[in-house]
Amino acid sequence: MSEKRSKLQIFMDILFVIQKENGKAKPTHILYGANLSHSSLKEYLDNLLSNGFIKEVKDNKHSLYALTEKGYEFINESRKIRRLTEAFGIPM
Amino acid sequence: MVIMVELIPLWFYLITSVIYSSSAIIGFLVSYFAFRAYRMTKNKVHLFLFLGFLIISLGFVTLSATSIYIYTTLEIYKKSSVSLNLLNYQGFRTYYILSAIGYILLTLMYLPKKVMNKLFIIHAPIWYASSFNFHLLSIVLLLFVIVQSIINSVKRKSLNAYLVTFAFICLLIFHSLLILTSFSQSMYITANIFLIIGFLSLLIMLIRVNIK
């Protein structure tokens, strides 16, 4: 049985999905990529926006979410931490 | 356990000082990265990893300072005394206390939250026992940490996890051989070789974590 994801892991999953889509992603892509419900997606995106990890951009009338410099830094740091915790076999 | 100054070759005090300093630096590095993890996640488990390695490293700083002082006194000032033996004993005793506390924290890292508080109470009386018991306590705690680490390595099959397991095994050998130092000085030398190999393994893991 898979363990329940922590808030931090969900933030990371969202940011990883956006990074995979070349730094910009549609909300629907994030929704499926990060395996979230509509209501929780909005809550997490608002949180990431207010903390400056992502920004909203317009592309051909579509609303997209793009990674900021702070978002990229967060991804790099969290990747290192994930590798460290995996090496010791402790939860993130 | 008392390690007599005369039992160990003098030239090796200089080498052990380097080994203990290097181990402390690598330990502080692990501790620093664990602190960064804790700062981001606020997860208690990361706090245990940070404090565990911080305290173990402080123990190695004590050993390093003791070794260099003994070397300086014997080699440069050509003085040998009972107080020097006592200093050596106190240096190791401080290290045993710090390492036992460090290993308790690393053990807590692998325990379910409910068990954590109870374990502190179980271990508390042992802290007042002799150096030999500190040693034995470290070995028992390390055995638990190694079992958890092996389970993680088998599950993940990643080189980083293997490096951590290998480092803990080297630390276990280090402690086991130190018990036998009273019988042979070569045990002390071999123990320290295992110690530095173990910490170098952790250093390789840290490099891989940061540049991969």
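Among the residues of the stretch B:155-192, what is the count of those that are within 19 Å of residue B:60 (Cα to Cα), among the β-branched types (Val, Ile, Thr) and either within 12 Å of the chain's Cα centre (by Cα) or at pLDDT 95 or above (or both)?
Counting residues in the stretch B:155-192 that are within 19 Å of residue B:60 (Cα to Cα), among the β-branched types (Val, Ile, Thr) and either within 12 Å of the chain's Cα centre (by Cα) or at pLDDT 95 or above (or both) gives 3.
Can you tell me how many residues in the stretch A:71-88 are under 22 Å from residue A:27 (Cβ atoms), within 11 Å of chain B (Cβ to nearest Cβ) and of a type in the set (Val, Ile, Thr)?
Here the count works out to 0.
When residues of the stretch A:39-70 are filtered for being touching a helix residue (DSSP H, G or I) at 6+ places or on another chain (Cβ under 7 Å) and within 14 Å of chain B (Cβ to nearest Cβ), how many remain?
Going through the stretch A:39-70 one residue at a time, the tally reaches 1.
Test each condition in (1) hydrophobic (A, V, I, L, M, F, W, C); (2) modelled with pLDDT of 90 or more; (3) exposed (fewer than 13 other Cβ atoms within 10 Å of the Cβ) for residue A:1 and report the one that comes out false.
(2)
So which residues in the stretch B:19-58 are out of contact with any Phe, Trp or Tyr (no Cβ under 6 Å at 6 or more places or on another chain), more than 18 Å from residue B:175 (Cα to Cα) and more than 9 Å from chain A (Cβ to nearest Cβ)?
B:25, B:28, B:29, B:32, B:39, B:44, B:51, B:54
Tell me yes or no: at least one residue of the stretch B:41-51 is surrounded by fewer than 17 Cβ atoms within 10 Å (Cβ to Cβ) and assigned to a helix (DSSP H, G or I).
Checked the stretch B:41-51: at least one residue is surrounded by fewer than 17 Cβ atoms within 10 Å (Cβ to Cβ) and assigned to a helix (DSSP H, G or I).
The values are calculated or read from the model by the stated rules, or taken from the named source; none is laboratory data. Treat the numbers as computed from the prediction; the structure is a model and nothing was measured. Note that we place each Cβ from the backbone using ideal geometry, even for glycine, and neighbour counts take in every protein chain shown.
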